[in-house]
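These notes are about the structure you will find just below.
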Amino acid sequence: MNVDRTIRTLDEFTIQSLRQFPQATGELSSLLRDIGLAAKRVNVEVNKAGLVDILGDHGTMNVQGEEVKKLDIFANNQFVGVLQRGISCAGIASEELDDFVAFDDDISKNSKYVCLFDPLDGSGNIDVNVSIGTIFAIYRRVSDRGTLATREDFLQKGRNQVAAGYMVYGSSTMMVYATRRGVNGFTLDPSIGEFCLSHPNIKCPERGKFYSVNHGNFFQYPEDVRKYINTCQNKTKETGGPYTQRYIGSMVADVHRNLIKGGIFMYPGTTDKPKGKLRLLYESNPFAFIVEVAGGKATDGNIPILDIIPTELHQRTPLFIGSKGMMQDLEECMADAQKEMV
Ligand code: AHM
Ligand code: MG
């Protein structure tokens, strides 16, 4: 009997994908379900942030010396708690925690995966009702199952990711995740409390109309980056410019828009912060994986983000990410500028 169903929930989708691989154990689906559950809880709090006393500064500093908002802590605790109680995660590393956490119970020690996340990205936008998000990366552990997860499990290059994704808490709440097989987007249907497949097989357009960068830092960017930003503002047939500048200050929302509509997002190094602001493990790697699977590109200005070998959990990297054609223009423009400089 064939039942005609147009809506597919996140769980149905991951289970159906799994059925195509008889050797699969279901651990990844279970991990994605846990992440979806934590996201739903965070979403509820984000939606009522203006109403309850969860809004505002927590008054503490995170490991990067930045102010922590209460909602960041709530989100962090939800993800840690759900993954610790689940059956597929050996340990986590979070932008909000100094060090990784290896879960010390038999089920976790026997789990295949570790998860790294930024529990609430764009937290400066919480109190002004602007989209924020969560970003996550999943790796197969390199240490032996049955033992505690180790630092090496977390310090893997981005290319080793098994899956990566993000949630955007915006005009609607979405979860987008990528495996090597493709990128799919799910929108939360609040009436049934489920993420439903709404954006199957996302492909990043070859070119787009948007460029996203913090213009306030313009004079602190390297010369080659400034040159490219100037070309974004020029009318040319080759690039399709001038582009429209869109910068929300929540990477999740900025990159999500560019992934769907085509565009380029940049967080270059500045004279004050040569490595920029974004963290390789929690922000740049997961997005680089998603955008590459969708057909786009991501570099640090020299090499693909996914090829950087991490040395520290909280290391930062300049990031250039987006539509392939626009990334190629950027690379050519930077190469020309560097030739002029020598
Ligand atoms: P956060 O993880 O502390 O929220 O910081 C990351 C955010 C990104 O979402 C965003 O692109 C960037 O910081 C904005 O920074 P800036 O205000 O320097 O442009
Ligand atoms: Mg962040």
Next item on the list: Quick one: angle between helix 70-85 and the longest Cα principal axis of the chain, in degrees between 0 and 90, rounded to 10, please.
Entry: 50
Check: Label points 7 Å out from Cα along the Cβ direction at Ile87 and Lys48: separation in nm?
Finding: 3.1
Checklist line | Viscosity 1.002 mPa s, 20 °C: Kirkwood-radius Stokes-Einstein D of the range 79-181 over Cα pairs, µm²/s | finding: 149
Checklist line | Ratio of Rg to Rh over the range 10-199 (Cα coordinates, Kirkwood Rh, two decimals) | finding: 0.96
Notebook entry, point to check: Can you give the FRET efficiency for Lys273 and Cys196, using 1/(1 + (r/R0)^6), R0 = 41 Å, r = Cβ-Cβ distance, to the nearest 0.05?
Noted result: 0.55
Margin query: Let me check I've understood the local charge: for Tyr221, count other residues with C-beta under 12 angstrom from its C-beta, Lys and Arg +1, Asp and Glu -1. What total comes out?
Written below: 0
Check: How are the C-alpha pair distances of the chain spread across 10 Å bins, as whole percents from the shortest bin up?
Finding: 6, 25, 34, 24, 9, 2, 0, 0
Next item on the list: Do me a favour and compute the ellipsoid semi-axes for the range 210-341 from its Cα gyration tensor, root of five times each eigenvalue, largest one first, whole Å.
Entry: 21, 17, 14
Checklist line | Count of Lys pairs (Cα-Cα under 25 Å; at least 8 positions apart or interchain) in the range 10-199 | finding: 8
Notebook entry, point to check: What do the square roots of 5 times the Cα gyration tensor eigenvalues come to for the range 71-121, in whole Å, largest first, as semi-axes of the equivalent ellipsoid?
Noted result: 19, 10, 8
Note to self: Could you order the peptides 167-176, 206-215, 268-277 from most to least packed, using the average number of other C-beta atoms within 10 Å per residue?
What the structure shows: 167-176, 206-215, 268-277
Next item on the list: Compute the relative contact order of the chain as a whole-number percentage, counting only Cα pairs closer than 8 Å that sit 6 or more residues apart in sequence.
Entry: 15
Checklist line | Relative packing of peptides 290-301, 11-22 - highest average C-beta neighbours within 10 Å first | finding: 290-301, 11-22
Notebook entry, point to check: Using unit Cβ charges (K, R positive; D, E negative) and no other charged atoms, how large, in debye to the nearest 20, is the dipole of the chain about its Cα centre?
Noted result: 1020
Item checked: Accessible area (Å², per residue) of the chain, counting only protein heavy atoms and a probe of 1.4 Å -> 45
Notebook entry, point to check: What is the magnitude of the charge dipole of the range 10-199 about its Cα centre, with +1 placed on the Cβ of each Lys and Arg, -1 on the Cβ of each Asp and Glu, and no other charges, expressed in debye to the nearest 20?
Noted result: 860
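The values are calculated or read from the model by the stated rules, or taken from the named source; none is laboratory data. Just so it is clear, the model here is predicted, and its values are computed rather than measured. So basically every Cβ, Gly included, is an ideal-geometry build from the backbone, and we count neighbours across all protein chains shown. Just the protein is used for accessible areas: all its heavy atoms, side chains included, with ligands, DNA and RNA removed. Shrake-Rupley method; radii C 1.70, N 1.55, O 1.52, S 1.80 Å.
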